[in-house]
Amino acid sequence: MSQDRLSHFHGGLVLRHHKKMSCEHSLANAGIPEKLIIAIKANRGHASEPTVEIGDVVLKGQVIAQPTHPLGTVYHAPTSGQIIAIETNDTASPDAEPATCIIVKTDGKDEWPPRPDPPKLPETAQQIITQISAAGIIGMGGAGFPTHVKYNTAQTDKTITLIINGAECEPYISCDERLMLDQPAAIVKGTVWLLKAAQASKAIIAIEDNIGGVKKRLDAEIKQQGLLAQGYELTVVKVPTIYPTGGEKQLIKVLTGLEVPSGLTPLSLGLIMQNVATAKAVYDAIELDEPLMKRVVTVTGDAINAPRNYEAMIGTPFEHLLNLADCDFVALDKLIIGGPMMGYAMPHEHIGIEKTTNCLLALPSDCTKPEIKAMPCIRCGDCVKVCPQELLPQQLLWYINGSDQHNDLEKAREHHVFDCIECGACSWVCPSHINLVDFYRFAKSELTYLDHKKDKAQQAKLRHDEREARLKRIKAERQAKRRRKTSKLTDKKGAKAEISAVLARIKEQEKAKVDE
Ligand code: SF4
Ligand code: SF4
């Protein structure tokens, strides 16, 4: 695919990158922290169930929690140690939403149980998908959707094209760029396994056009592995650096000109998208027999003296990474998970990184915006111009903020509030300083809650109706039984009378005989 055949998505922003400071050094190993705080819930809140107890000794790679929902995931101990607590903790989620966390006191030995050497490689697409699922791999670009679920390719009759998303469009975050520079072989090999899982041969690795050296390294790897000769078509495509190019729908539009219909997935167009870090995790799981237990995290921001990308174990506490990167804790004013556009502030540093945590952004007070009082909307339309989802942000605001009546939230739903990707572009340009994204997050969570409540009410009504029908049936059966009994009794009485009459007749006949 050539550069001149690319399309454009609506809106977007050109932002300063702030990536160089963290990306100029190669990946560093964050080592083994004293303890790991492992939140056992996927990004969308689907909790898993612990399979260990307090006091258990665990080895590296051992399963410590199993999913209880199809969109949940399995968790493994990232190193050896002992389970010292299973408790509710703040997590690396919006509002630091508390969830169950398994706390592992590490023993520093990093000890594996005995494993087959070399690992047995999967031979069929289904075996690859099963292995991806067992390794607990979820989308590492932020959404946290279980990877294996995307490979239900029976849902489409289209030929699949795989898109590997290396378009890391948020300012400050450079973990994917550094990963592509340092481990291109693992990414390319992981991409081939994903192609085999999808029974496809074509993949596009998309990167932003402002990252130097990445294309060269990936191209060299593709050539080195002789993939073309094996029938694979892997191309590295540079896409314009416009925020949010890395959004799933935006990148698909840029690369293919196609639009994913509202409410449908890219699979409906014959497309599957994965993040570069996910491709690397697939390589680790299949070729190294290592489940998803670590990831690359950018530690950056003006309160960090040595910004860098670290390969860290899942559950590594923020403070461990901040210390490694020489954070100025006195100057630190705001700690954000993710970037300045889509990230969310954390209340403290005693929280563990999750499978989807890509960046710790530590900002001093002179870099954080002073709280400016929001003014009323002046209907300037600037938010509409930048919205990459082609929504009407000011109209949504009107429905969400206009009244506390449930109906208005329903209008926000009708105006596709669920299509909002919370990119923050509208808030960024709003001259009235309205934090629009907060309203959309509120509306989505409120509507989800109402739907849940409605579902529960419907289920309760269904249960009530079923109970009523059951009681009615039992009553009817009892009545029928009673009727049958009564009629039997009547029958018995009738029979008795008949027998008595016969006996009387016999008796009379006998008496008549004697009289003769
Ligand atoms: S940018 Fe702000 S002020 Fe302008 S229309 Fe949108 S919400 Fe209103
Ligand atoms: S946050 Fe939502 S409404 Fe605002 S620009 Fe992004 S997609 Fe559009």
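Read the figures in this text as sums done on the coordinates, not as results from a lab. On a predicted model such as this, the values are computed, not experimentally measured, just so you know. Ideal geometry is used to build each Cβ from the backbone, glycine not excepted, and the neighbour counts take in all protein chains shown.
Details
- In segment 3-333, a dipole from Cβ-located charges (positive for Lys and Arg, negative for Asp and Glu) runs towards its positive end, and of 89, 307, 199 it is 199 whose Cα lies farthest in that direction.
- What the pair-distance distribution of segment 374-516 shows, using all Cα-Cα distances binned every 5 Å from zero, is 2, 8, 11, 10, 8, 5, 4, 4, 4, 4, 4, 3, 3, 3, 3, 3, 3, 3, 3, 3, 2, 2, 1, 1, 1, 0 percent.
- Scoring 216-229, 495-508, 91-104 by mean Cβ neighbours within 10 Å over their residues and listing the highest first yields 91-104, 216-229, 495-508.
- Inter-part distance where segment 45-105 and segment 295-368 are each reduced to a Cα centre, Å: 21 Å
- Taking the three principal axes of the alpha carbon atoms in the chain, the coordinate ranges are 136, 66, 51 Å, sorted in descending order.
- One decimal place: the segment residue 185-residue 323 gains 46.6 nm when fully extended, by the rule 0.36 nm per residue minus the C-alpha distance.
- If R0 is 56 Å, the Cβ-Cβ spacing of residue 235 and residue 463 corresponds to a FRET efficiency of close to 0.55.
- The charge dipole of segment 395-474, taken about the Cα centre with unit charges on the Cβ atoms of Lys, Arg (+1) and Asp, Glu (-1), comes to about 660 debye, rounded to the nearest 20.
- Cut-off under 5 Å, modelled amide H: who pairs with residue 236 long-range: 205
- By average C-beta atoms within 10 angstrom, highest first, the peptides 23-30, 34-41, 337-344: 34-41, 337-344, 23-30
- Taking a sphere under 9 Å around the Cβ of residue 141 and counting the other residues whose Cβ falls inside, with K and R at +1 and D and E at -1, yields a net charge of -3.
- Cα-projected label distance for residue 26 with residue 419, points at 7 Å along beta-carbon direction, nm: 4.6 nm
- For the cross-link pairs 215/280; 60/120; 223/280; 253/453; 202/253; 249/461, the ones whose C-alpha atoms lie over 27 Å apart are 253/453; 249/461.
- Cα gyration tensor, segment 181-308 - rounded (a/c under 1.5), prolate or oblate: rounded
- Stretchable slack from residue 472 to residue 395, in nm (0.36 nm times residue separation minus alpha-carbon distance): 22.7 nm
- Anisotropy class of segment 160-223 from Cα gyration tensor, a/c 1.5 cut: prolate
- Only Lys, Arg, Asp and Glu carry charge here, each on its Cβ (+1 for the first two, -1 for the last two); on that basis the chain has a dipole of about 3300 debye about its Cα centre.
- Gained length - residue 497 relative to residue 228, 0.36 nm times residue gap less alpha-carbon distance: 86.8 nm
- Long-range amide H partners of residue 358 with built H, under 5 Å: 338
- In order along segment 500-508, the Karplus-derived 3J(HN,Hα) couplings, from 6.51 cos²θ - 1.76 cosθ + 1.60 at θ = phi - 60°, round to 4, 4, 4, 4, 4, 4, 4, 4, 5 Hz, and Gly and Pro are given as x.
- Computed from Cα atoms, the angle from the helix 184-198 axis to the main principal axis of the chain rounds to 30 degrees.
- Estimated FRET transfer efficiency when R0 is 22 angstrom, pair residue 454-residue 156 (beta carbons, to 0.05): 0.10
- The overall shape of segment 275-373, judged from the alpha-carbon gyration tensor, is prolate: a/c is not under 1.5, and a/b is greater than b/c.
- Listed by chain and number, the lysines whose alpha-carbon sits under 24 Å from that of residue 481, ignoring those within fewer than 8 places in the same chain, are 472, 492, 493, 496.
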